[in-house]
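As structure tokens, the structure follows; a few thoughts come after it.
What follows is calculated from the coordinates using simple rules that are stated; it is not laboratory data. Everything numeric here is computed off the predicted structure, so don't read it as measured data. Ideal geometry is used to build each Cβ from the backbone, glycine not excepted, and the neighbour counts take in all protein chains shown.
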Amino acid sequence: MAARPEIGVIGGGILGLTAAFRFVQAGARVTLFEREDRVGGLAASFEIGGGQLERFYHHLFRSDVDVQNLIAEVGLADRMVWPQPDTSSYYQGKIYSLDSATDVLRFSPLPLAARVRLGASLAYLKFERNYHRFEGQTAASWIKRWMGDDVYRVVWGPLLRAKFGDMADKVAMPWFWSRVHLRSQRLGYLRGGFYGMYARLADRIAEGGGRVALSTEVRSIRSSQDRVMVETSSGSETFDRLLVTTPTRVFMRLAEGLPADYTRQYDYGDFFGAHAVILGLNRQFMDGVYWLSVHDRDFPFLAVVEHTNYMPREDYGGLHVVYLGNYLPMSDPLFRRDDAEVLAEFLAALRRINPAFSQDWVVESHVFKAPYAQPIVTVDYHEHIPPHETPLPGVYLANMFQVYPQDRGQNYSVRMANRVAQQILADPALRSLEATAA
């Protein structure tokens, strides 16, 4: 091995960036490969109204302490804000706020007894800290048993179907627990966009002697007892250790020589892709509502997120910014349809929510698509989570499939990056190398 550890990282999302930052801090020589032309992964940004905005909506909860600590560590804590935006539901042509216990008790589509059961069950899930109590159960079965059929029919069933389609009844209860238990009414955002954190991490990596190779596609991974070779669109490089942050299924395609029993156990599960239409409007679409969950089945999107009812529109050149989001199988025709055709359908649906809406409100529009955005967390999901250390010598795997019972999130990516970086750096072979170099 070289005098100092040489560590490669595949993937320039928050997980890969954080791990590479930790490696640089420990004195390693680091190269990070990112296929796109900018860092960020699923939280990558684009420019709208002169500001940076995530392609897919993002915010933090109060419980997301790992990413908050990282934001402070890279000197951006003064840009964190914690508004309490309005989150509501659209049901049978009406908007209902569901932000508080009082809102739940006023939710007239449900009988009073069902409202009480809903509120009591949500309070229990907030209080219960042990998700293992819910193993072996689906969210659908638990909700029907404890919240009642009415609550499932009106509230959670439509939302689970909108997000998971035909897989809705198979989603595991620990996943649902995490969505309720960890949520906070105040939502955190980094003014100017989370890209500021990703760019700052990339700068810190470079300042520490590391290299961030953008627009570089990894084509294969080969490993021996001594070195790991990575073949990229720019050539071949070798490392003492390699951290791969791609989805497990992508890793399986890249890695050569994986044992058959490993692939049988861990090449598992379904993923949905993310699809988002983002509009820059010349006026407000919803009166104060940030997040509108759509319960009616005949809408072409599952949520309307008016970002500028959360952040000031001055950050985006005065535009009112609206997301129209979906999670769908990558085989869904929506991913192949012409963007103009999709936009026309989505705009027509918006008129049902706000009849005053007109196409001439739209100043600009954008469509983004991403694969492997939403793992489907089924009851046996946890049995197929791969360990970080793979059968290939010197090769480690870390991705959002491993953050169970959560399914994604910047905070859990940061937490995992810190943990796996520590695991790699604690390798006796690397520690002895550092001692030799010193």
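Expressed in nm to one decimal, what extension gain is obtained for the pair residue 153 and residue 358 from 0.36 nm per residue of sequence separation less their Cα-Cα distance?
Values: separation 205, 0.36 × 205 = 73.80 nm, distance 3.22 nm.
The residue 153-residue 358 span can extend by a further 70.6 nm.
What trypsin sites (Lys or Arg not before Pro) does the stretch 322-372 have in DSSP loop regions with at most 14 other beta carbons within 10 Å?
On the way: sites: 336, 337, 351, 352, 369; in loops: 336, 337.
Of the trypsin sites (Lys or Arg not before Pro), the ones in loops of the stretch 322-372 whose Cβ has at most 14 other Cβ atoms within 10 Å are 336, 337.
Just round it to a whole percent: the fraction of Cα-Cα distances in the stretch 215-331 exceeding 19 Å. Could the numbers behind the result be given before it?
Working: 4407 of 6786 pairs.
Everything past 19 Å amounts to 65 percent.
How much length is gained if the chain between residue 94 and residue 287 is pulled fully straight, taking 0.36 nm per residue apart and subtracting their Cα-Cα distance, in nm to one decimal? Don't jump to the answer; show the numbers that get you there.
Values: separation 193, 0.36 × 193 = 69.48 nm, distance 1.32 nm.
Working it through step by step, the gained length comes to 68.2 nm.
Given the -39500 (n - 2.57) contribution per DSSP H run of 4+ residues, what per-residue ellipticity at 222 nm results for the chain, rounded to the nearest 500 deg cm²/dmol?
Working: 13 runs with 135 residues, N = 438.
Estimated from H runs of four or more residues: -9000 deg cm²/dmol.
Using the Karplus curve 6.51 cos²θ - 1.76 cosθ + 1.60 with θ = phi - 60°, work out ³J(HN,Hα) for each residue of the stretch 165-171 in order, rounded to whole Hz, and write x for Gly and Pro.
x, 5, 8, 4, 6, 9, 5
Karplus couplings for the stretch 235-242 from phi (6.51 cos²θ - 1.76 cosθ + 1.60, θ = phi - 60°), rounded to Hz, Gly and Pro as x?
Working through the residues one at a time gives x, 10, 9, 10, 9, 6, 9, 9 Hz.
With the alpha-carbon atoms as the only input, what is the per residue convex hull volume for the stretch 1-104 in Å³?
Values: hull volume 18.6 nm³, N = 104.
In the stretch 1-104, the Cα hull volume divided by residue count equals 178 Å³.
Of the listed peptides 394-401, 13-20, what is their order by residue-averaged count of other C-beta atoms within 10 Å, with the highest listed first?
Numbers: 394-401: 24.2, 13-20: 28.5.
Most protected by this proxy first, the peptides run 13-20, 394-401.
What nm distance separates the two modelled labels at residue 336 and residue 382, each placed 7 Å from Cα along Cα→Cβ?
3.8
Which value, to two decimals, describes the C-alpha radius of gyration of the stretch 292-359 once divided by 2.2 N^0.38 Å? Mind dumping the intermediate values first?
On the way: Rg = 13.3 Å, N = 68, 2.2 N^0.38 = 10.9 Å.
That ratio works out to 1.22.
Based on alpha-carbon positions alone, could you give the equivalent ellipsoid semi-axes of the chain from the gyration tensor, as √(5λ), descending, whole Å? Can you show the working numbers first?
Working: eigenvalues 301, 128, 83 Å².
The equivalent ellipsoid of the chain has semi-axes of 39, 25, 20 Å.
So which trypsin sites (Lys or Arg not before Pro) in the stretch 79-157 pass both tests, a DSSP loop state and at most 11 other Cβ atoms within 10 Å of the Cβ?
129
Would you look at the GNM of the chain, springs on alpha carbons closer than 10 Å, and say which of 307, 132, 58 moves the most?
Judging by the Gaussian network model, the answer is 132.
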